[in-house]
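This report refers to the structure that appears directly beneath it.
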Amino acid sequence: MIGEVWLCSGQSNMEMPVKGFNNQPINGSNEAILNSKNSQIRLFTVKRASSLEPLENVEGQWAEASPATVKDFSATAYFFGKKLNTLLNIPIGLIHTSWGGSNVETWMDKETLSQFSTIELPSKLPEGAPQRTPTLLFNAMINPLIGYNIKGAIWYQGESNRDRAEEYSRLFPTMIKTWREKWQQGQFPFYFVQIAPYGYDGGNAGYVREAQLHTMKTVENTGMAVTMDIGDCDYIHPREKKLVGDRLALWALAKDYGLEGFAYSGPVYKKIEEIKEGKVTLSFDYSENGLSSYGQPLTGFEVAGADKVFHPAEAIINGDKTLTVWAEGVTNPVGVRYAFSNCEAGSLFNTEGLPASSFRTDTWEE
């Protein structure tokens, strides 16, 4: 077949199959599986493997989309590919190569990681958890695929690096750059998912979401699907995988296939427009038609003064498509944060229904 092939990688939220994990469902999975027969969608899952040295081969085989094959295939990847196939009416091939619990450095090669003094390169295979050891999955599950013509890549990972956000802000863009260099297909599109709210034990996942947002804003030809509205404090694997796949597809449809007239990103904090009488007014990109909370209270906002102590804040959407935030007792606000915590459900959207990323206006160290 002649069609578009996308590489789909990451950790467990990319790995999670359409049928769901044990005791962890995916919304609408049974209906999606039932209606999945489609000879125009082809699926390839790379078998789990790890290696100290780069390999040339992987185990796996192409299969047509059908209830028997789709149920065990990556849900994020499948819904992404299905949306492309439905709207473009062209064959879509999906190469799924992921491993639950993997950190970003295990998907990177030795030469690239040698630039990072914080990363210890392995001299032997670990007895367990190879998905947490640098280079091992790149060598066995990415290197053999290099040279296979792809349209682009989608990625869902970050949870395993959440306690090292500053490092992730350098590793993740470097991984994208290295993959592109090795494929020698130019700056191929790379679209990824911002990790969803979840009740982590300690730390602040807002910083790794910030690192992901920074990557979207600074690395050419990337895009980010925001999931602030579909997290679950008790389950790290959001049930709404169709929404995730669809939101990734919006980027590809707009940027790579020339479709127009629709939004493909949620609001992204742009700048502080003014600070006046104890209130901070903010503006956003990707909100040409304005902002909305869809009738719900605007929650998750915090304001701090020069003392850097954050207080719960109120917010209101203005007629000029800006947002004003203030907190009782903070008469001279300096910094604003939105949903900048482990598990704060998103309440801010653009009018097209795409959620805003968590953000902060300050650059204070944790």
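The values are calculated or read from the model by the stated rules, or taken from the named source; none is laboratory data. Just so you know, these numbers come straight off a predicted model, no measurement behind them. Cβ coordinates were reconstructed from backbone atoms using ideal geometry, including for glycine residues, and neighbour counts include every protein chain displayed. Quick note on the areas: whole protein, heavy atoms, side chains included, nothing else; ligands and nucleic acids left out. Shrake-Rupley method; radii C 1.70, N 1.55, O 1.52, S 1.80 Å.
Within the range 128-160, the set of residues being β-branched (Val, Ile, Thr) and either modelled with pLDDT under 95 or open to solvent by 10 Å² or more (accessible area, probe 1.4 Å) (or both) comprises Thr133, Ile146, Ile150.
Taken residue by residue, the range 63-74 has at least one member that is open to solvent by less than 40 Å² (accessible area, probe 1.4 Å) and free of Cβ contacts under 8 Å to residues at least 24 places away in the same chain. Can you name every residue in the range 343-366 that is within 15 Å of the chain's Cα centre (by Cα) and modelled with pLDDT under 95? None; the set is empty.
When Glu260 is tested against (1) part of a loop (DSSP other than H, G, I, E, B); (2) farther than 25 Å from Phe172 by Cβ; (3) in contact with a Phe, Trp or Tyr (Cβ under 6 Å, 6 or more places away or on another chain), just one condition goes unmet, and that condition is (3).
For (1) assigned to a strand (DSSP E or B); (2) of a type in the set (Phe, Trp, Tyr); (3) without any contact (Cβ under 8 Å) to a residue 12 or more places away in the chain; (4) open to solvent by less than 60 Å² (accessible area, probe 1.4 Å), each residue gets a yes or a no:
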site	(1), (2), (3), (4)
Val5	yes, no, no, yes
Asn13	no, no, no, yes
Ile26	no, no, no, yes
Ala32	no, no, no, yes
Ser36	no, no, no, yes
Arg42	yes, no, no, no
Lys47	no, no, no, no
Leu52	no, no, no, yes
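Residue-by-condition table, conditions (1) farther than 19 Å from Val336 by Cα; (2) open to solvent by 50 Å² or more (accessible area, probe 1.4 Å); (3) of a type in the set (Asp, Glu); (4) modelled with pLDDT under 95:
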site	(1), (2), (3), (4)
Ile195	yes, no, no, no
Thr218	yes, yes, no, no
Gly231	yes, no, no, no
Pro238	yes, no, no, no
Leu248	yes, no, no, no
Phe262	yes, yes, no, no
Glu274	no, yes, yes, no
Thr299	no, yes, no, no
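Residues that are open to solvent by less than 20 Å² (accessible area, probe 1.4 Å) and without any contact (Cβ under 8 Å) to a residue 60 or more places away in the chain were ranked within the range 316-346; the one that is nearest to Ala205 (Cα to Cα) is Gly335. Of the residues examined, Gly101 is not one that is open to solvent by less than 20 Å² (accessible area, probe 1.4 Å) and outside any loop (DSSP other than H, G, I, E, B).
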